[in-house]
Amino acid sequence: MTNNIKQAIIIGGGPAGVSAALYLARAGQKVCIIENGPGALAKAHKIDNYYGIAASGAKLYAAGLEQARSLGVEILQDEVLGVEYTDCFTLSLKNTAEQLQTEALILATGSKNITLNLPGLIELEGKGISYCDGFFFRKKRVAVLGNGAYALHEAAYLKQLAGSVTILTNGQSGDAAKAAGFEVNTSVLRAVEGSGRLSSIRFTDGSTLAVDGLFIALGTADSTDMARKLGAELNGRFIRIDGDGATNIPGLFAAGDCTGGLMQVAKAVHEGARAGLTALKFLRQRQAGENSNK
């Protein structure tokens, strides 16, 4: 698998992501936006509380991407399955064979609305219920909850570490997981159980599955999922950023609904611009350092 290096990558093509891209592109940086559709913005029939604009969310989304494209921003329609960090950020995508690499990464996918009202889930989070940290489940029995490409990507990673991996589809068919060679349980979940630590999963048909760990991979990976796995600090289910849009991970920034607070276009645009400018400063410092070492 080859790698494709970008100066800055933005995950999310909404108001926050595009705003960040505009500032970076106008400053001469090579920028790539990875977008997977307008998400919650598509549900907005009419936005009339944003300066100078009265349009549907879908129209605003399309106009933003076109504006970014006109400034030379690369727009890649794809789904990010995972992000790793060593000396730079490496992204694995659903439909793109090569991995993408960048020194500056801005998370702006919004906030995932998928929730799971499952007894025991909150109580056992961090005690067997996990969203990352596969290293700590070496040779143990784990399950992955989810039925899409994101879940399959997580299961493939865990398969290299865990003693056994079962994909839980929660009532869905699981054909893709079966075709990929995974053990699949299609029963509907009723509860997760354990005394101080996860020990089993109970299904509505009365059956149980003994596990040491359960990894949540519902829907697609959102900004918080990626930030969590990179070791970024969180504020509940939102990404913690400083006053400049930076996380505690050098080169990692966030903007928009994924940071919490006011869920409005105006706030997303402001945070996107701020994150873009901070990322630009970060890149210029890195570039200046590289030039001085030549």
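Observations, loosely collected:
- Ala254 long-range amide H proximity, modeled H, under 5 Å: Leu107, Thr247
- Dipole moment magnitude, nearest 20 debye, region 1-158 about Cα centre, only Lys, Arg, Asp, Glu C-beta charged: 220
- Solvent-accessible surface (1.4 Å probe) assigned to Ser173 amounts to roughly 70 Å².
- Solvent-accessible ranking of Asp87, Asp212, Asp225, largest area first, probe 1.4 Å: Asp87, Asp212, Asp225
- Taken about its Cα centre, region 110-199 carries a charge dipole of about 240 debye when Lys and Arg each add +1 at the Cβ and Asp and Glu each add -1 at the Cβ.
- Most positive-pole-ward Cα, Ser223, Gln77, Leu116, against dipole of the chain from beta carbon charges: Ser223
- Nearest 10 degrees, 0 to 90: helix 15-26 Cα axis against the chain principal axis: 40
- Restraint check, Lys94/Lys140; Lys59/Lys94; Lys6/Lys159; Lys140/Lys178, Cα-Cα greater than 24 Å: Lys94/Lys140; Lys59/Lys94; Lys6/Lys159
- Heavy-atom SASA rank of Lys46, Lys267 (probe 1.4 Å, accessible area, largest first): Lys46, Lys267
- Built amide H within the under 5 Å cut-off of Ala104, gap 5+: Ile9
- In terms of accessible area, using a 1.4 Å probe and ignoring ligands and nucleic acids, Asp48, Asp242 rank largest first as Asp48, Asp242.
- Distant-in-sequence amide H partners of Leu234 (H built 1.01 Å from N, under 5 Å): Arg240
- Taken along the Cα-to-beta-carbon direction at a fixed 7 Å, the label points for Glu74 and Asn117 span 4.4 nm.
- For region 188-274: span of alpha carbons on each principal axis (Å, largest first): 51, 26, 20
- Exposure of Ser164 as accessible area (Å², to 10), given a probe of 1.4 Å and all protein chains: 40
- Remark: region 191-294 carries a charge dipole of roughly 420 debye about the Cα centre, counting +1 on each Lys and Arg Cβ and -1 on each Asp and Glu Cβ.
- The figure for Phe135 is an accessible area of roughly 110 square angstrom, using a 1.4 Å probe on the protein chains alone.
- Here the Kirkwood formula puts the hydrodynamic radius of the chain at 20.1 Å, using every distinct Cα pair.
- The residues neighbouring Leu124, those whose beta-carbon lies less than 13 Å from its own, together hold a net charge of -1 under the Lys/Arg +1, Asp/Glu -1 convention.
- Taking the helices alone, the chain has a mean residue ellipticity at 222 nm of -8500 deg cm²/dmol, built from -39,500 (n - 2.57) per DSSP H run of at least 4 residues and averaged over all its residues.
- For region 122-228, GluC sites (Glu not before Pro) meeting the loop criterion (DSSP other than H, G, I, E, B) and having at most 15 other Cβ atoms within 10 Å: Glu123.
- Filtered chymotrypsin sites (Phe, Trp or Tyr not before Pro), region 1-87: DSSP coil and at most 14 other beta carbons within 10 Å: Tyr51
The values are calculated or read from the model by the stated rules, or taken from the named source; none is laboratory data. Fair warning: this is a prediction, and the values are worked out from it, not measured in the lab. For neighbour counting, all protein chains shown are included, and Cβ atoms are generated from backbone atoms with ideal geometry for every residue, glycine included. Please note that ligands, DNA and RNA were not included when accessible areas were found on the heavy atoms of the full protein model with its side chains. Shrake-Rupley method; radii C 1.70, N 1.55, O 1.52, S 1.80 Å.
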